[in-house]
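Chemist: I'd like to ask some things about the structure below.
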Amino acid sequence: MCFSASVSYGSAALLISTGAVTTLGNKSKQQRMIAAIPFIFGIQQAAEGIVWQSMGQELMGGLSQYGALLFVTVALVVWPSWLPWSLYHIEENQKRKKILGVIGVMGVAVSLLAVSVLFSVEVRAYVVGHSLGYSFLNMKRFWPASIDFLLYDIPTMVPFFVSSLRTVKRAGYLVFAGMVLAQAINREATTSIWCFFAAVISLYIAVNVLWVEKGRLG
């Protein structure tokens, strides 16, 4: 996330505590994955806090690399699978559910591809303005970078618009707007800035998840 270690840690504390409340306070098996989204975002923001705090310090240089690796692992491995399947489990429309299942399978494939990439590269974080950028050293490319974005965007963005729930669709519009704004602010740090906006949006989703059992999420 952008700004500083204190902001990252502060948002991490808010997200983790919110995620704990939504997860523990929700008894529906179908809603467990979506209820845990703020908690996972909290872990991701804590990882960036570690990067900010340890970057440039010789004694903590190793922590910076581990923090960067944790951040991109959540971003590239967890979210492509977690997001479509979390929406799959709460979807009641059978046609839309099947579509979400197909996207979920694609998400798993993207996650596995990301794992293979991360095993073969070295992840480094660097400061870009007031944000963090991430580079992948020794990465071998087999297709244009635009393909990477396409593969990633389908499982992480499209499911919001496939869902029949209005609350989820509204969250999708917010996530898309956050991604566009992140690219406008700093293209090199898009991943970091977008994850910040997505983390904030996850709070919106979390609040609504608390109402699902009462039939108020539509």
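Chemist: Looking at the range 117-145 only, could you name the residues that are over 19 Å from the mean Cα position of the chain (by Cα) and outside any loop (DSSP other than H, G, I, E, B)?
Modeler: Matches in the range 117-145: Phe119, Ser120, Glu122, Tyr126, Val127, Val128, Leu137, Ala145.
Chemist: May I ask you to list the residues in the range 120-154 that are modelled with pLDDT of 80 or more and farther than 21 Å from Ala47 by Cβ?
Modeler: If the condition is that a residue be modelled with pLDDT of 80 or more and farther than 21 Å from Ala47 by Cβ, then Leu150, Leu151, Asp153, Ile154 are the ones that fit.
Chemist: Check Ile34, Ile43 and return the single one that is within 15 Å of Ala206 (Cβ to Cβ), in a helix (DSSP H, G or I) and at pLDDT 90 or above.
Modeler: Ile43
Chemist: Based on what the data block shows, is Ser11 surrounded by fewer than 18 Cβ atoms within 10 Å (Cβ to Cβ), in contact (Cβ under 8 Å) with a residue 40 or more places away in the chain, in contact with a helix residue (DSSP H, G or I) (Cβ under 8 Å, 6 or more places away or on another chain) and of a type in the set (Gly, Ala, Ser)?
Modeler: The answer is no for Ser11.
Chemist: Inside the range 86-109, can you point out the residues that are crowded, with 20+ Cβ neighbours inside 10 Å and of a type outside the set (Gly, Ala, Ser)?
Modeler: Leu87, Tyr88, Ile90, Glu91, Leu100, Ile103
Chemist: Just to be sure, is Ala13 of a type in the set (A, V, I, L, M, F, W, C) and farther than 20 Å from Val175 by Cβ?
Modeler: In short, yes.
Chemist: Shifting gears a bit: Yes or no: the range 58-69 includes at least one residue that is within 23 Å of Gly104 (Cα to Cα), out of contact with any strand residue (DSSP E or B) (no Cβ under 7 Å at 6 or more places or on another chain), at pLDDT below 90 and part of a helix (DSSP H, G or I).
Modeler: no
Chemist: While we're here: Checking Ser6 against (1) among the small types (Gly, Ala, Ser); (2) loosely packed, with under 15 Cβ neighbours inside 10 Å; (3) farther than 27 Å from Val127 by Cβ, which test does it fail?
Modeler: Only one criterion in (1) among the small types (Gly, Ala, Ser); (2) loosely packed, with under 15 Cβ neighbours inside 10 Å; (3) farther than 27 Å from Val127 by Cβ is unmet by Ser6, namely (3).
Chemist: What residue, of Leu100, Leu118, is in contact with a helix residue (DSSP H, G or I) (Cβ under 9 Å, 6 or more places away or on another chain), farther than 29 Å from Ser54 by Cβ and touching a residue at least 12 places away in the same chain (Cβ under 8 Å)?
Modeler: Result of the check over Leu100, Leu118: Leu100.
Chemist: If a residue must be aliphatic (A, V, I, L, M) and closer than 21 Å to Phe160 by Cβ, how many such residues does the range 2-46 contain?
Modeler: The qualifying residues number 7.
Chemist: I'm trying to understand the selection: among the residues of the range 135-163, which are crowded, with 20+ Cβ neighbours inside 10 Å and within 18 Å of Ser111 (Cα to Cα)?
Modeler: Answer for the range 135-163, where residues must be crowded, with 20+ Cβ neighbours inside 10 Å and within 18 Å of Ser111 (Cα to Cα): Pro155, Thr156, Pro159.
Chemist: Further question on the same structure: Which residues, counting only those in the range 103-116, are β-branched (Val, Ile, Thr) and either farther than 14 Å from Leu83 by Cβ or not in a helix (DSSP H, G or I) (or both)?
Modeler: Val115
The values are calculated or read from the model by the stated rules, or taken from the named source; none is laboratory data. Quantities reported herein were computed from a predicted structural model and do not represent experimental measurements. As a convention, Cβ positions derive from the backbone with ideal geometry for all residues, glycine included, and neighbour counts pool all protein chains shown.
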